[in-house]
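Inspection log for the structure reproduced underneath, given as structure tokens.
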Amino acid sequence: MKPARPTLGSVPLVALVCAYLLFVTNGAFWRKGLAYFDGHELQLAGLGLGLYLLMLAILTTLSVKYLVKPVLVALILLSAAASHFVDSYGLLIDREMIANVMLTSRAEAGQLMTPGLALHMVLFGLLPALAVAAVRVRHRGALAKFRQNSLVVFPSLAVALALVLAFYPGFSSTFRTHRDLIDSLNPSAPLVAAGRYAAQRLQERNFVVAPLGLDAAPRRAAEGRRPLLTVLVVGETARGANFGLNGYGRDTTPELAARGAISFTQVSSCGTSTAVSVPCMFSNLTRAGYSSKAARSSQGLLDVLSHAGQDVRWIDNDSGAYHVADRVPYVFLPDTPDPRRCADGECHDEILIDRLKAELAGVTRDTVIVLHQIGSHGPAYHARYPNAFERFSPACRTAEFADCSRQAIVDAYDNTILYTDHVLASAIDLLSARPDLDTALLYVSDHGESLGENGLYLHAMPYFMAPQEQTRVPMIAWLSNGMAAATGLDAACLAGRRDAPLSHDNLFHTMLGLGDVSTGVYDRGLDAFAPCRAAPGAAPAKLAKAGP
């Protein structure tokens, strides 16, 4: 004999699920609430009651036959998943975070499928969802259902409104000061973020890409000079504070130091995620004027360089070019994995050096090659470098941060920087070996990373509240003596400006200056190297160990 299934009316079931969602899957929200409303606990209680009644009103409206259980089950699973990442890493789920999720590779997604996530989903997602699915819901006739729901919905909304009015001064000041509070609320935060992301994608479906810099041309004729070759390396999740060249307590950049690379220490990112920073830094927009739509609606840096007659190509070992390389040759290296460098759908960044060596053989004119690293992308830092580069130990060897000490997490991250140092130095060595070219390398990361400071991990916090660890990024330059002479750059001057305040706003114009490109869209005031540029062909101070 089968056990009798429990029977509940739709409203009691909704009321129970609302209580579960609000009070069980919102640990981060309540922790922040207790801190932000310290000394005003009555306001926090009013906020909690108001949110419960609002959720009750909305879900009661949806509590119709054949719909109520699927909706409740979906919300339970969504809230369980969101609460794991919010509680484990201190993340906020906003539109940019949804964009990151949608653009995450299969390999990266697999690294997030940890035992901790599985256990959390079973306890807080699957079991409660199965309990809801097992309930036999008692539904009334249409008219009776309408009356019953109305007796719940309208009084709930009225009381919620009364609470807002009663505590409005406290609510408004707290929400203005702490915008992250409501952004931590499950399941509304991920639902709103997903809706905003979908709206953005729909907005971007119908637009025309406006030309940019059609007047671009080389400042000097190609005849009688060596071709210029610039390698632009886009780093991933590297934060400037952990670079030895920037004064970090560990020597994480010995090879770059040996090659006389110049590191700029005060560089701010445009965003805290790749999906924001990469389109922004390759556009001619400043961070203040940036929007995804504006960037997508215009050509960018690589197009302007192409208009100037330069050979431009993008070599990717990360998650894609985010439309900035739509009109130039593009290669995604994990599509053709090298077993020496690759495993489980991902490749170590030395595969970029292998490809760069092959690309250099065909350079005959002014060229820009963009290398996009997987760099220090977390949380599986240990997967970003070969075992030979595990100098700092004991390094965390899992993506489950709860299983590692904070120091072990930092050790693993520092090993990724040590490996990036080797990759960049290897690229410099290839450029130094080409005396027939005037060569340069410029490295800049897309955003930084939190490593447990204030309980935060990873990145993608909203910029207004992001810690400096997520927005202060490394920028490193190396130029051959021939490139310095050809473009009039004074190496000693550049080294003297290493602490100048810079940002991703400068990349577009710095690259045009470095490429010796003349165009009306170039802004000398935003060229980070312009203060150190003499007349082309002058004899600047030589770069130490810079090569031909």
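Looking only at residues of region 436-463 that are out of contact with any Leu (no Cβ under 9 Å at 6 or more places or on another chain), at negative phi and in a loop (DSSP other than H, G, I, E, B), we find that the one that is surrounded by the fewest Cβ atoms within 10 Å (Cβ to Cβ) is D436. In a helix (DSSP H, G or I) and among the acidic types (D, E), is that true of D429? Yes. A residue that is more than 19 Å from H459 (Cβ to Cβ) and within 19 Å of the chain's Cα centre (by Cα) cannot be found anywhere in region 391-410. Of the residues making up region 195-223, those that are at pLDDT 95 or above and not acidic (D, E) number 7.
With respect to the numbered conditions (1) outside the structural domain of L75 (by TED's automatic domain parsing); (2) within 18 Å of V86 (Cβ to Cβ), which one is the sole condition not fulfilled by V208? Condition (2) is where V208 drops out. Against the conditions (1) out of contact with any helix residue (DSSP H, G or I) (no Cβ under 9 Å at 6 or more places or on another chain); (2) within 19 Å of L112 (Cβ to Cβ), Y381 satisfies every one except (1). Within region 292-344, the only residue that satisfies the criterion of being in contact with a Leu (Cβ under 8 Å, 6 or more places away or on another chain) and basic (K, R) is R327. The C-beta contact set for region 500-520 (first residue in a loop (DSSP other than H, G, I, E, B), second residue among the acidic types (D, E), distance under 9 angstrom, 6+ apart or interchain) comprises G515/D366; D516/D366; T519/D215; G520/D215. Restricting region 436-454 to residues that are among the polar types (S, T, N, Q) and at pLDDT 95 or above, the residue that is farthest from the chain's Cα centre (by Cα) is T439.
For the condition in the same structural domain as T25 (by TED's automatic domain parsing), in a helix (DSSP H, G or I) and more than 30 Å from A81 (Cα to Cα), A158 qualifies. Among the residues making up region 2-23, those that are buried (at least 16 other Cβ atoms within 10 Å of the Cβ), under 35 Å from the mean Cα position of the chain (by Cα) and within 15 Å of V152 (Cβ to Cβ) are V17, C18. Selection of region 323-343 for residues being within 19 Å of A275 (Cβ to Cβ), touching a Lys or Arg at 6+ places or on another chain (Cβ under 9 Å) and either in a strand (DSSP E or B) or among the hydroxyl-bearing types (S, T, Y) (or both) yields only Y330. The set of residues from region 401-411 being touching a residue at least 60 places away in the same chain (Cβ under 8 Å) and buried (at least 21 other Cβ atoms within 10 Å of the Cβ) comprises just one member, F401.
One residue is enough: does region 427-435 have a residue meeting the conditions buried (at least 18 other Cβ atoms within 10 Å of the Cβ), within 21 Å of T253 (Cβ to Cβ) and under 21 Å from the mean Cα position of the chain (by Cα)? No, that holds for no residue. Which residues, counting only those in region 161-184, are of a type in the set (A, V, I, L, M) and part of a helix (DSSP H, G or I)? The answer is L161, A162, L163, V164, L165, A166, I182. Can we say S306 is closer than 25 Å to V267 by Cβ and either of a type outside the set (V, I, T) or modelled with pLDDT under 95 (or both)? Judged against the criteria, S306 is not a match. Taking region 194-311 as the region of interest, the helices (runs of 4 or more DSSP H) fully inside it that hold 2 or more residues being in contact (Cβ under 8 Å) with a residue 60 or more places away in the chain and among the polar types (S, T, N, Q) are 274-281.
Does T420 meet the test of being of a type in the set (V, I, T) and in contact with a His (Cβ under 9 Å, 6 or more places away or on another chain)? Answer is no for this residue. Condition first: closer than 19 Å to F332 by Cα and either without any contact (Cβ under 8 Å) to a residue 12 or more places away in the chain or of a type in the set (A, V, I, L, M, F, W, C) (or both). Now tell me which residues in region 363-382 satisfy that. Result: V368, I369, V370, L371, I374. Taking the stated definitions as given, is I353 outside any loop (DSSP other than H, G, I, E, B) and in contact (Cβ under 8 Å) with a residue 60 or more places away in the chain? Yes; evaluated as a whole, the condition is true for this residue. Please go through region 24-40 and pick out each residue that is touching a residue at least 24 places away in the same chain (Cβ under 8 Å) and either part of a helix (DSSP H, G or I) or within 28 Å of the chain's Cα centre (by Cα) (or both). Selection gives V24, T25, N26, G27, A28, F29, K32, G33, Y36.
Taking the criterion of being touching a Gly at 6+ places or on another chain (Cβ under 8 Å) and within 13 Å of M475 (Cα to Cα), the only residue of region 242-252 that qualifies is N246. Quick check on R498: is it surrounded by 18 or more Cβ atoms within 10 Å (Cβ to Cβ) and at pLDDT 95 or above? Spelling it out, it is not the case that R498 is surrounded by 18 or more Cβ atoms within 10 Å (Cβ to Cβ) and at pLDDT 95 or above. Among residues of region 412-432 that are farther than 15 Å from G235 by Cβ and in the same structural domain as D354 (by TED's automatic domain parsing), those with a beta-carbon under 8 Å from a residue that is of a type in the set (V, I, T) and crowded, with 24+ Cβ neighbours inside 10 Å at least six positions away or on a different chain give the pairs L431/V231; L431/T439; S432/T439. Count of region 112-130 residues, restricted to those that are closer than 26 Å to L458 by Cα and of a type in the set (A, V, I, L, M), is 8. Within region 84-137, the residues that satisfy the criterion of being acidic (D, E), buried (at least 19 other Cβ atoms within 10 Å of the Cβ) and part of a helix (DSSP H, G or I) are E96, E108.
The values are calculated or read from the model by the stated rules, or taken from the named source; none is laboratory data. The structure displayed is predicted, hence computed values, not measured ones. Here the Cβ is made from the backbone with ideal geometry for all residues, glycine too, and neighbour counts use every protein chain on show.
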